[in-house]
Each structure stands twice: as structure tokens, then as C-alpha cells.
1. Could you go through region 227-249 and let me know if any residue there is among the small types (G, A, S), closer than 30 Å to I182 by Cβ and either outside any loop (DSSP other than H, G, I, E, B) or modelled with pLDDT under 85 (or both).
2. Looking at (1) surrounded by fewer than 18 Cβ atoms within 10 Å (Cβ to Cβ); (2) at pLDDT 90 or above; (3) more than 29 Å from the chain's Cα centre (by Cα), which one does N443 not meet, given that it meets all the others?
3. Go over the candidates E327, E270, E235, E242 one by one and state the one that is in contact with a Pro (Cβ under 9 Å, 6 or more places away or on another chain) and not polar (S, T, N, Q).
4. Going by what's in this entry, would A152 be described as within 30 Å of L269 (Cβ to Cβ) and out of contact with any Lys or Arg (no Cβ under 8 Å at 6 or more places or on another chain)?
5. Does L186 qualify as being modelled with pLDDT of 90 or more, under 32 Å from the mean Cα position of the chain (by Cα), crowded, with 19+ Cβ neighbours inside 10 Å and outside the structural domain of D288 (by TED's automatic domain parsing)?
6. From the list N621, N667, pick out the single residue that is under 32 Å from the mean Cα position of the chain (by Cα) and either surrounded by fewer than 18 Cβ atoms within 10 Å (Cβ to Cβ) or part of a loop (DSSP other than H, G, I, E, B) (or both).
7. Can you name every residue in region 639-658 that is farther than 18 Å from D587 by Cβ and in a helix (DSSP H, G or I)?
8. Residues of region 291-323 being surrounded by fewer than 19 Cβ atoms within 10 Å (Cβ to Cβ) and polar (S, T, N, Q), which ones?
Amino acid sequence: MRLLHLDPSDRLVLTDFPSQSIPPYAILSHRWGDPNSEVLFGDIESNAYHKKDGYRKIKFCAKQAAQDQLQYFWIDTCCIDKWNLHVSVPLTPQQSNWEDSFWKSNWFCRGWTLQELIAPTSVEFYSCEGQRIGDKTSLEQLVHKITSLPLAVLRNCPLDQFTATERMQWVEKRETTEDEDIVYCLLGILNVSMPVSYGEGKEGALGRLLAEIGAADSVPSIIPFSQNDHFVGRESQLAKLEAELFSDKQTTTFAIVGPGGAGKSQLALELAYRTRQNNQNCSVFWIDASNLDSLDQSYAEIAQKLNIPSWDDEKANPKQLVKFHLEGRGVRQCLLIFDNTEEISLGSPGLSGPQATNLMSYLPQSKLCSIVFTTTDSNIAKRLASQNLVELQHLTPTTAQRMFEKYLNTPLSESEQQEAKLLLQELLYLPLAIVQAAACINNKGLKVSEYRLQMDWQIKHGFKHSDEVTKDEPRGNNGNNPITTTLFISIEMIQKKDPLAVDCLYLAACVDSKDVPLDLVQAYSPGMDTAVQLLSKYKLVTRRPAESAFDLHRLVHLALREWLQRQEKLGQWTQHAIAQLLQVFPDHSDSNRSKWRRLLQHAKCAMSYSFAEGEDVEWLNLAWKTAMVLYSDGRYNEGEELFVQVMETRKKKLGADHPSTLTSMNNLAHTQKSLGRVVEAMKLMRECVQLCQQRFKPNHPNLLSSLATLAQWEAEHAVANLEIV
């Protein structure tokens with residue numbers, strides 16, 4: 001975990017401690033002010049924290065920690081790197097006028113401050129002016145009256161002396177910004193580990209928490225989503241899957257295959273919950289197989305959940321740990337669900353190259369394991385699951401109507417039943433289109449007949465698709481994709497209320513569809529957080545508050561890109577996206593690794609657009625930044641391609657001996673050297689030295705550095721050849 005301290009010059013320094021050697025530290029428990037005034041992790045890294053109002057709290061905390069003989073302290077705003085999706089947060093280390101103010105303090109009403117009150121042995125209270133009021137011991141009677149917490153809790157008795165029900169009651173009078181956080185803030189207090197899933201609602205989060213409590217000491221599982229209360233149909237497919245799980249002498253594999261938006265993930269989710277309910281000795285683990293990073297992270301979470309020895313060793317390989325464990329004797333049955341399996345050979349998000357890993361190497365071989373894949377690609381499905389395919393077709397009209405009615409806030413009147421049947425027919429009974437239509441009807445308070453009029457207009461006058469049909473793109477008899485139609489009906493409605501929300505969609509269409517950081521769209525315009533909340537209500541995006549990000553469904557992303565392309569606006573919006581990426585994309589220093597790893601997939605997507613000559617200046621700058629971080633990450637093959645493009649373009653535009661061109665040439669030579677192509681690297685470095693000699697004076701640092709590098713490489717090469725002889 002990261003802790004703050006002041007160096008001898010009173011500069012704030014962040015230090016990352018491994019879990020085995022964390023020193024004593026203080027925690028500042030506080031209410032967040034204006035987000036723009038709080039000192040964040042990036043402000044500490046860039047030494048830009050002095051001008052922010054929140055710095056006053058940090059100075060106070062540092063001073064008080066020093067008085068308490070503590071060198072280090074922890075503050076959530078600036079010790080948590082929000083770009084790192086997997087960072088650890090300490091869950092547990094962790095009426096006079098003043099009495100009236102103390103009693104009324106919102107600090108006692110917030111969900112996340114509960115653990116900061118009961119976990120530490122020492123809690124001291126200060127006024128906003130820094131005056132000490134008292135501590136948890138001296139004020140325990142007053143704190144007891146304010147919070148209704150038992151005195152034993154305030155005196156740090158072991159929490160397992162209280163039942164889970166009693167501990168859950170401690171948050172009944174507390175509030176959180178996100179509905180689900182009133183449940184998530186109990187995880188540490190209940191000693192439960194489960195993924196957060198914003199958007200599931202308080203009841204959904206509570207249901208998962210209760211299931212985790214029930215299984216905590218018996219069968220560990222990870223299902224990161226709530227069971228879908230609106231799920232209907234697919235009973236024959238579910239019956240087939242349930243009947244054939246664990247039916248082979250080796251690992252049993254199945255593939256759920258169908259077009260985008262058909263409900264593959266929802267079927268897999270229902271299977272996960274039914275398996276857990278009907279087979280209480282079976283672990284169920286949900287795995288994001290969309291890219292290599294997500295896959296590795298899923299395996300790391302499984303290793304932790306199973307408490308496999310060395311799971312917290314940074315040098316350990318989670319894939320090998322989990323495979324070895326699941327293939328071992330005496331292990332219980334285990335269902336693995338690989339969601340979004342669109343490639344057998346996986347690379348990091350948005351990137352390709354020789355570092356790609358075969359998905360098959362992740363699959364354990366055991367008669368106690370069953371594996372289910374979801375995919376849109378029938379060829380991949382056949383390779384992974386042979387004959388065990390579950391092909392999803394459209395919902396039946398009856399099932400589609402049941403689903404539609406479940407998603408509507410208001411029951412359908414008798415007169416609307418026929419309108420609903422016609423609407424569902426036009427939507428091809430596709431679950432994603434049904435969900436989007438219902439969300440729009442709910443938000444605008446429309447009748448089904450009114451929505452059908454909007455749909456008729458959109459089909460006749462709205463967005464027209466190209467003639468090319470992709471393998472997983474649904475089309476009706478009129479040639480329209482119902483998911484696209486419902487999307488643009490919603491966009492028309494949203495445009496009237498919040499045009500910025502539509503701009504947010506267009507920006508997101510020009511980067512990767514998954515994990516779009518709010519910082520990226522807020523760089524374009526403030527207020528994007530509100531815009532994303534509105535888009536979420538229309539079911540066009542999925543919010544991820546814990547990561548300050550959001551996702552677009554793949555088909556929504558594709559439809560937006562096609563529309564922008566047809567309107568000849570894709571280049572314009574891609575330029576906007578690249579400009580915002582340049583604002584938030586950090587340098588290649590190791591301290592920024594978690595940030596640029598998350599942004600790489602978006603940079604790669606934005607750079608895939610080909611600009612006309614003269615319009616690619618910012619593209620070039622982003623390409624250079626991307627190449628540098630790829631080099632820093634040891635992904636030399638991927639970086640080399642970009643370095644070549646940058647070097648050749650700069651040669652053409654700036655000249656062969658321009659300093660920027662020479663820098664690119666130097667970068668490329670180092671990359672070739674790292675790839676083991678030493679002779680080729682020395683040749684390019686000699687060319688770089690010659691151009692530097694033409695451009696710079698003999699004592700110029702660039703020339704001297706290139707000469708020294710070349711001399712070192714030539715000496716190393718000579719020694720290597722001598723050893724061979």
C-alpha cells in the first residue's frame with residue numbers, strides 16, 4: 001500500500017510498501033470537498049498539490065502525525081491511484097456549541113467513515129481549524145449516543161463477537177453517494193471479499209453480500225454481477241447446460257454462441273446462480289476473457305479468493321497457481337465462465353503482437369471442472385467446445401413480451417398489449433434492443449404507441465446502414481438494425497435535455513468501448529459525470545464509479561462509429577479524442593505505469609484512424625508517447641512499429657537532422673537493440689551519430705550521448721564475437 005510522508009525539504013513523498021512491511025501510520029478520515037479542490041494521487045506525483053485548497057488538510061495531518069511520532073500517514077484522496085484498478089485500500093488497519101456541531105457532523109452519517117471509526121485503536125477528532133476535540137476513548141459516550149454503536153465496538157473488541165446481522169445494522173442511519181456503497185462499505189467489517197458492481201442497486205448488492213456471508217466458510221465463488229431479476233426464457237438451453245455439467249472424465253467445455261445483444265452473458269449469469277444454488281459444493285468463478293490483462297486479473301482474484309499459497313507474491317504467476325490448484329486432488333467441483341471470448345490468441349487491450357497468449361493455456365484439465373464460454377464467433381465456439389454448443393436465437397414473442405413488461409416501470413394497459421407485440425416484432429425480439437426501448441419509454445414517460453411512432457420515423461428518415469452486414473449484426477426485413485434504431489431514438493431524446501451527453505457518446509465511439517475513463521471525456525468538457533449518469537439511465541453505457549470510468553456495449557460502439565463515418569464526422573471526433581488523450585496521457589515513467597496501461601487501449605483505437613497529411617500532428621505526438629510507454633513496458637515489437645512511423649513522418653516533415661527526428665531514430669535503435677537485432681541497431685545509431693555531427697556542436701549533449709551509446713554497443717558486440725571465436 002502507498003503511504004505519504006514529508007522529506008527533509010517538506011516535500012510530500014509517496015512510498016509503496018509491500019504487505020509484509022507496512023510501518024505504523026495515521027489515517028485522515030474526512031469528508032470530500034469540491035473534487036477539483038482535493039489533492040489527488042496525480043498531484044503528488046507531479047508536485048502540483050500546493051495550490052489546491054485540500055492541501056490544508058494534508059499539512060494538518062502531517063503535523064499531527066509527527067506530533068504522535070508517526071512518520072507516515074494515509075489519505076484516500078491522494079494515496080489511492082484511481083488509474084490502478086487493482087490497488088489495495090486499507091479496510092481495517094483502519095451541549096455546548098462544540099458538542100452541538102460535533103453531534104450534527106455529517107461525518108457520523110456517511111457509510112465509508114464507519115470502518116474508520118471502529119477499526120483503528122486510536123481515533124482523534126479535530127475541528128476544521130485543527131483544534132483537538134478529543135478521541136474515541138474520551139468521547140465514547142457522546143459517540144455512542146450519536147452513532148448507536150455498542151460501547152464494546154468503540155473499545156475495539158473483536159468484531160466476530162457480533163453477528164453479521166448486528167454488524168449490518170450499524171449502517172442503517174448512514175448514507176452514501178452511490179446506492180450500492182451502503183452495502184460495499186460493510187465488506188471489511190464483515191470480513192467479506194466480493195467484486196463491486198455499480199448499477200446493480202442496493203438490493204442486488206445486498207443479495208450478493210448475503211450469499212457471500214453464507215458461503216464465506218464453505219464454497220468460495222466470484223460472480224461480479226447480481227442475479228438478473230428480469231431474466232426470462234432460455235429454459236431449454238439452461239436445462240441442457242445444467243444436465244451436462246461435470247459429465248466428462250476431463251474438463252467439460254460448452255460455448256454459448258449468438259449475435260451481439262442476444263443475451264449470451266445473461267444466460268451464463270443465470271447458469272452461474274442456478275449452479276451455485278443447486279450445487280452447494282460447487283465454486284463458480286466469472287472470468288473476463290476480452291483481453292489478456294482482464295484474464296490475468298480474473299485469475300489473480302481467483303487465487304486470492306481460494307487463498308492459494310503465494311497468491312500475494314508479486315512474482316507469482318496467477319495462471320499457474322490457479323491451474324495447479326484446480327487440477328489438484330480433493331478439490332471441489334468448479335464452474336468457470338469465460339465471458340466475451342472473441343479471440344483464442346489474446347494480447348493486451350487494443351494491442352497485438354508476438355506477446356499474445358493462447359487462451360487454451362489458461363484452461364485447467366480436471367473432471368471436476370466445467371467451463372462455459374460466451375462468444376459471437378461460431379468458429380471460436382467450435383474450437384473451444386467442439387460439439388457442446390448452445391446457439392442462441394431470437395426470443396420467442398411470448399418470452400420477449402414478458403421481458404419487456406419486467407423492464408417497464410408502468411404495467412401495460414390492455415390497449416397497449418397489441419402495440420407492444422408489434423414493437424417487439426420490429427425489435428426482432430433482441431434482449432439488448434428491448435432493454436434500450438424500455439429505458440427510453442421509462443425516462444420519457446412515453447406510451448408504447450408513441451415510441452413506435454418514433455421508431456417508424458427513425459427507420460424512414462434516420463440513420464441508414466451500409467450494405468455490408470457483419471457476422472453478428474442483426475438486421476430486420478427493412479435492413480435496419482433494431483439496436484441501432486433504439487440507440488438513435490434515445491440520442492434524439494437525450495440531445496434535447498443534455499447535448500453534452502451526446503458529445504460524450506461520440507468521444508467514446510473514437511476510443512475503446514471498455515473502461516473509458518471519466519478524466520478522458522472531462523478533458524473535453526467539465527460536467528461529463530452528470531452526462532454519463534444520464535446515458536446510464538437510458539442503458540447506453542454501464543457506469544463504473546469505483547474506477548471513475550464507464551463501458552459501452554460493443555454494438556452501441558460500432559453503431560456510433562458507423563454513423564460518424566457516414567456523416568463524415570469520424571475524423572473530426574477522433575481528433576477531439578486524440579487531443580483529450582494527449583491531455584491525460586502521462587510520460588513513460590514507472591510511477592505512471594497503471595495510468596498509461598489503462599489508456600493504451602484507447603490510444604491504439606484512436607490512432608487506428610488514418611488522417612490526411614497535415615491533419616496528423618497530434619496523432620504523431622500520441623504515437624510517440626504510446627511508443628515510449630510500450631518500450632518502458634518491455635513490449636518492444638509493438639513499440640517498434642510506432643517508432644518507425646514517427647521517425648519516417650518526422651523525416652519527411654521536419655528533415656532528417658531535426659532534433660525530433662534524431663530523438664525518434666535514437667528511440668528506434670534502442671528498441672532494435674532490446675529485440676536482439678544488435679547489428680541493425682548499431683547501423684541506425686551510426687546514422688544517428690552522423691546526423692548529430694552535422695546538426696550539433698561537438699560538445700552538444702545529444703551528440704555526446706549518441707557517441708557513448710554507439711561506443712558501448714560496439715564494444716559489447718566485439719566481446720560477444722570474441723567469445724564466439
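1. Quick first cut of region 227-249, residues among the small types (G, A, S) only: 233, 236, 239, 243, 247.
Right, trim to closer than 30 Å to I182 by Cβ and you get none.
There is no residue in region 227-249 that is among the small types (G, A, S), closer than 30 Å to I182 by Cβ and either outside any loop (DSSP other than H, G, I, E, B) or modelled with pLDDT under 85 (or both).
2. Condition not satisfied by N443: (3).
3. On the way: E270 fails: in contact with a Pro (Cβ under 9 Å, 6 or more places away or on another chain); E235 fails: in contact with a Pro (Cβ under 9 Å, 6 or more places away or on another chain); E242 fails: in contact with a Pro (Cβ under 9 Å, 6 or more places away or on another chain).
E327 is the lone residue from the list that is in contact with a Pro (Cβ under 9 Å, 6 or more places away or on another chain) and not polar (S, T, N, Q).
4. Numbers: within 30 Å of L269 (Cβ to Cβ): no; out of contact with any Lys or Arg (no Cβ under 8 Å at 6 or more places or on another chain): yes.
Criteria not met by A152.
5. Values: modelled with pLDDT of 90 or more: yes; under 32 Å from the mean Cα position of the chain (by Cα): yes; crowded, with 19+ Cβ neighbours inside 10 Å: yes; outside the structural domain of D288 (by TED's automatic domain parsing): yes.
It is true that L186 is modelled with pLDDT of 90 or more, under 32 Å from the mean Cα position of the chain (by Cα), crowded, with 19+ Cβ neighbours inside 10 Å and outside the structural domain of D288 (by TED's automatic domain parsing).
6. So the residue among N621, N667 that is under 32 Å from the mean Cα position of the chain (by Cα) and either surrounded by fewer than 18 Cβ atoms within 10 Å (Cβ to Cβ) or part of a loop (DSSP other than H, G, I, E, B) (or both) is N621.
7. Taking region 639-658 first, the residues farther than 18 Å from D587 by Cβ are 640-641, 644-645, 647-658.
Of everything in region 639-658, those that are farther than 18 Å from D587 by Cβ and in a helix (DSSP H, G or I) turn out to be E640, E641, V644, Q645, M647, E648, T649, R650, K651, K652, K653, L654.
8. Result: Q297, Q304, N307, S310, N317, Q320.
The values are calculated or read from the model by the stated rules, or taken from the named source; none is laboratory data. Keep in mind it's a predicted model, so treat the numbers as computed, not measured. Virtual Cβ from ideal backbone geometry, glycine too; neighbours counted across all protein chains shown.
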